[in-house]
Amino acid sequence: MESATASRAQQFIGNRWVPAANGQSLPVLDPSDGRPFASIARGGAPDIDAAVRAARRAYGNSGEGAWGRTAAAERGRVLAKLSQRVLDHAEELAQLESRTTGKPLKQGRADAAALARYFEYYAGAADKLHGETIPYSNGMTVLTLREPHGVTGHIIPWNYPMQIFGRSVGAALAAGNACVVKPAEDACLSLLRVADLAAELGFPEGALNVVTGLGSEAGAALAAHAGVDHISFTGSPVTGTAVAQVAARHHCPVTLELGGKSPQLVFADAVLDEVVPVVVNAIVQNAGQTCSAGSRLLVQRPVYEALLERVGERISGLRVGPALADLDVGPLIRQNQLQRVWDFLSQAQVDGIPIAAQGVVVDSAPQSGFYQAPTLLRDVPPQHRIAQEEIFGPVLAALPFDDEDEALLLANGTPFGLVAGVWTQDGGRQMRMARRLRCGQVFINNYGAGGGIELPFGGVKSSGYGREKGFEALLGFTTLKTIAIKHG
Ligand code: ADP
């Protein structure tokens, strides 16, 4: 089989590397210097159609295809091999991820390890997806079967390509679906390499397909394709809404993971030594371009000044530079994302919101790269857009509160509900807060921005619906069939 290593301007459809049907390609920019360094195929509707057909053949109309017939234990074995292949190529994958996303190499390495771990986790889970028997009438047995959807579409964003591929495609394959993946046009080289590694393992033709291209072309075509049985989307709320609307036309279920404005609630009895590094990392990891970034710091008044001083000190010490220089923070993904962050910061300036601290972009960072110094803004009015909207950059908004009720009002008072962190030694308060926070994950005295392969993850309100990660994700990649047998 031809490898995609030599030419990345190809897509993986039906176990073959093929150029876009229109013959066109797109440049890939390196965010660290803003320059093009590779190209990918500009796939569109015909390529998506070919991939969906290949996936359909692999699954079959009702599980009779080569992948559809593959036993759960065997699917697990193939995924376990893929996990090992990823580990064997972890450094190469990490470099590709860092080069295309701009994240420091240590984060690229962590993401490669996470990808392997997702495959390992779902490999082990593949043959443990049970149905149930249900007590019903005398003389009858009723049971449920967890069946794959069939062909699943996966629209992947640019911030964590490998991690999001792992959690979504790993779970979907384990559950027995054939997958069509549309990675983000900005950052997909790592995923093409993963497809390469998968191809060597003998997945049946069409079980895994990767079509590259623009969201408005390949992405929109995947969402609209009537042959797709389920779509998993991670990205911006605007695009997620569009995807769900288009998919609804053919009654295709959708899982949406759309981001957040996640709060860290720090009470006066918290252990500040533990709070400071975690809070800072939760906003600067991946330069703040993390759905579950802890972008709001809500602090009880008696420790507001003390905590801001310490968080500010740490932020001031952060160095921002090229991904492969592996400093504390890398560049943002592209110019318009940088511009978006600048717009928020200039609005803050106009409205008199004080900057409490800023990190440093190193002198050696190329001028043409997309660098933003991490910034701590203090006394942000709760209704200001800095405290309400997802900035998707390394900007932390600090707000004081007096008591639990006010903390909850602030924490729940945005359109989002993805993750929250609660810092307190009081056990009763920990549970009161955890129960009343409207979001999908609550961390008590710790915070995992994007972390936790085993932990179900997803949001409420504008953060989306459905759950990825953990065993729960497997349920989302299946549909339930009830069989009622009358036997007397
Ligand atoms: P951003 O605006 O930061 O690029 P998006 O949410 O638009 O974030 O992108 C997430 C993923 O959605 C990417 O793979 C992108 O190509 C894809 N995408 C963008 N627009 C559409 C669309 N209209 N339909 C389907 N997918 C899309």
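List of remarks:
- Scan of the stretch 168-186 for residues that are under 16 Å from residue 11 (Cβ atoms) and more than 9 Å from the ligand (Cβ to nearest atom), ordered by number: 169, 178, 179, 180, 181
- Residue within the stretch 424-438 that is under 15 Å from the mean Cα position of the chain (by Cα) and not basic (Lys, Arg) present: no
- Some residue of the stretch 122-132 being within 16 Å of the ligand (Cβ to nearest atom) and under 30 Å from residue 330 (Cβ atoms): no
- Spans of strands (runs of 3 or more DSSP E) in the stretch 377-488 with at least 3 residues of a type in the set (D, E, K, R): none
- Among the residues of the stretch 137-166, those that are away from the ligand (no atom under 11 Å from the Cβ) and among the β-branched types (Val, Ile, Thr) comprise 141, 142, 144, 151, 152.
- For residue 190: the one exception among (1) more than 19 Å from the chain's Cα centre (by Cα); (2) at negative phi; (3) away from the ligand (no atom under 11 Å from the Cβ): (1)
- A search for C-beta distances below 6 Å between a residue of the stretch 93-120 that is farther than 16 Å from residue 79 by Cβ and at pLDDT 95 or above and any residue that is among the hydroxyl-bearing types (Ser, Thr, Tyr) and not in a helix (DSSP H, G or I), counting only pairs 6+ apart in sequence or on different chains, returns 102/32.
- Enumeration of residues in the stretch 193-212 that are within 16 Å of the ligand (Cβ to nearest atom), more than 16 Å from residue 228 (Cβ to Cβ) and not polar (S, T, N, Q): 194, 195
- In the stretch 334-352, the residues that are farther than 14 Å from residue 34 by Cα and at pLDDT 95 or above form no Cβ pair under 6 Å with any partner that is in a helix (DSSP H, G or I) and within 12 Å of the ligand (Cβ to nearest atom), whether six or more places apart or across chains.
- Members of the stretch 424-436 found to be touching a residue at least 40 places away in the same chain (Cβ under 8 Å) and either buried (at least 16 other Cβ atoms within 10 Å of the Cβ) or within 21 Å of residue 465 (Cβ to Cβ) (or both), listed by number: 424, 429, 433
- Matching residues, the stretch 166-187, being of a type in the set (A, V, I, L, M) and over 18 Å from the mean Cα position of the chain (by Cα): 174, 175, 178
This table checks each residue for (1) of a type in the set (A, V, I, L, M); (2) closer than 30 Å to residue 471 by Cβ.
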{"position": "18", "(1), (2)": "yes, no"}
{"position": "27", "(1), (2)": "no, no"}
{"position": "44", "(1), (2)": "no, no"}
{"position": "60", "(1), (2)": "no, yes"}
{"position": "73", "(1), (2)": "yes, yes"}
{"position": "79", "(1), (2)": "yes, yes"}
{"position": "89", "(1), (2)": "no, yes"}
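- Residue 28 in contact with a helix residue (DSSP H, G or I) (Cβ under 7 Å, 6 or more places away or on another chain), hydrophobic (A, V, I, L, M, F, W, C) and closer than 18 Å to residue 219 by Cα: yes
- Candidate set: the stretch 331-364, residues that are among the small types (Gly, Ala, Ser) and out of contact with any strand residue (DSSP E or B) (no Cβ under 7 Å at 6 or more places or on another chain); chosen: the one nearest to residue 294 (Cα to Cα): 346
- Looking only at residues of the stretch 246-258 that are assigned to a helix (DSSP H, G or I) and near the ligand (Cβ under 10 Å from one of its atoms), we find that the one that is farthest from residue 148 (Cα to Cα) is 246.
- When residues of the stretch 231-240 are limited to those that are near the ligand (Cβ under 10 Å from one of its atoms) and either farther than 20 Å from residue 463 by Cβ or among the hydroxyl-bearing types (Ser, Thr, Tyr) (or both), the one surrounded by the fewest Cβ atoms within 10 Å (Cβ to Cβ): 236
The values are calculated or read from the model by the stated rules, or taken from the named source; none is laboratory data. Nothing here was measured: the structure is a model prediction, and the numbers come from that model. We place every Cβ from the backbone using ideal geometry, glycine too, and count neighbours over all the protein chains shown.
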